[in-house]
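The values are calculated or read from the model by the stated rules, or taken from the named source; none is laboratory data. Remember, it's a predicted structure, so these values are computed and weren't measured experimentally. Positions of Cβ are generated from backbone atoms using ideal geometry, with glycine treated the same way; all protein chains shown enter the neighbour counts.
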Amino acid sequence: MTDRTRGALRAPEARLPIGLGLFLVVVSAVLFAMVPGALANARAYATAPTCPAGTRSDSCTASVPATVEGTESKPVGKGHEYWLLVTERGSDDVHRVKMAGHDPVYEAVHAGDHVVLDYWRGEIRAVSSGDAVQETDASPTDGWRLPTGFGLLTLPFGLGMLAAGLWYRFRYLARRRVAPWQITVPTLTGVLLGCLGLLAGWAGGGVLEAFTVTAAGIPPAVGLATLVAWWVTRREVRAADTGGIVPVPPKGKQCVHAAVHGDVPYSVDGFGLLVVGDGRPAATPDPDGSFARRSLPESLTVRELRPLRPEDPVGWANSYKYDAVVLECRDGDRRVRVVTRRVDAPVVLGALTDPLTGPTTAPGDGGHRPSRTPRADGP
């Protein structure tokens, strides 16, 4: 199989990370495009002059006396929304004003207290009580935070997903074993930088500071992601070494974790156990191995011991992770794979190669015994 054919086979599975990465990059571009407008609004609000007494205009801020009628707190998710109920002097209409947090005005005022409402462009942007001033939810002062924070969240994560997806699409099957740093480093770096960017956007003092903090986090994020990838690689290399596994004939009946995969009648979905030491090894879903047993025939021959490979069923990697050992077998002209845990591999191998339960060699193979190390190509 050529590299081009292998890449084509992986194309459907690579579409998700590539598509998600491209989508997030586009979303970040849209969010960043909103930042200049938000900053312009904040500057216009901060520099707007005070309207002449008794007048209102979009080009100035108007201060209107009001009386507090009450407060409301509404649970939303893990937080709360804070609403101030006020009536302007000379009017009986009650305005519900959503506050930006609860400090310092909201938590200090009570029904009957006098406050001042600051209008700009037809909306209440701030509420004053004495020397305390609190922005409302409609204030444009922090309008840049949401697009900046979420833009800095989606861009690194999107780029990381895109890089990992492209490598998976074109290079994954070119190797017999996954080199996890090509996926782990960009993905984990994107997640770390995205979280840092979101925090910098929400808590930073400005757009430039948010970008600077995020950029400064690139080296430590890459370093941590590389360290994690190195640790994962070490585990994978150790998992790939099957040289120390030798057959151990089972002593008595045991049920071990193992699954059979192949175009054979004893390969059944949901049969995740193997009964050994009680006649022929048998696949079963029963932890006691008492019913629904599918015996493995004497024609099944072990050819190779190896770690997981990209072409193995996806569920095996999820179930066994780095503890998997695959027994490559043949049943006549049909390929059969048996996956088990490393700790159970010796007894499974022993059950399949024990002269009392099955042949140790394939008919006519001249005494060939199972290989203890992964080969360059499958059988």
- Query: Filtering the range 82-106 down to residues that are exposed (fewer than 13 other Cβ atoms within 10 Å of the Cβ) and within 45 Å of the chain's Cα centre (by Cα), which residue is nearest to Ser63 (Cα to Cα)?
  - Reply: Arg96
- Query: Which of the residues belonging to the range 199-258 are touching a residue at least 60 places away in the same chain (Cβ under 8 Å), of a type in the set (S, T, N, Q) and either assigned to a helix (DSSP H, G or I) or at positive phi (or both)?
  - Reply: Thr214
- Query: Given (1) out of contact with any helix residue (DSSP H, G or I) (no Cβ under 9 Å at 6 or more places or on another chain); (2) modelled with pLDDT of 90 or more; (3) among the hydrophobic types (A, V, I, L, M, F, W, C), where does Leu274 come up short, assuming only one miss?
  - Reply: (1)
- Task: For Thr233, indicate whether it is of a type in the set (S, T, N, Q), outside the structural domain of Ala345 (by TED's automatic domain parsing), surrounded by 16 or more Cβ atoms within 10 Å (Cβ to Cβ) and closer than 17 Å to Lys321 by Cβ.
- Result: yes
- Message: Can you tell me which residue is farthest from Ala239 (Cα to Cα) among those in the range 304-320 that are in a helix (DSSP H, G or I) and among the hydrophobic types (A, V, I, L, M, F, W, C)?
- Response: Val314
- Task: Only residues that are assigned to a loop (DSSP other than H, G, I, E, B) and at pLDDT 90 or above: list them for the range 344-361, please.
- Result: Asp344
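Let's see how each residue does on (1) in contact with a strand residue (DSSP E or B) (Cβ under 8 Å, 6 or more places away or on another chain); (2) assigned by TED's automatic domain parsing to the domain that holds Leu20; (3) closer than 28 Å to Gly37 by Cα:
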| residue | (1), (2), (3) |
| --- | --- |
| Ala53 | no, no, no |
| Asp103 | yes, no, yes |
| Ser129 | yes, no, no |
| Gly151 | no, yes, yes |
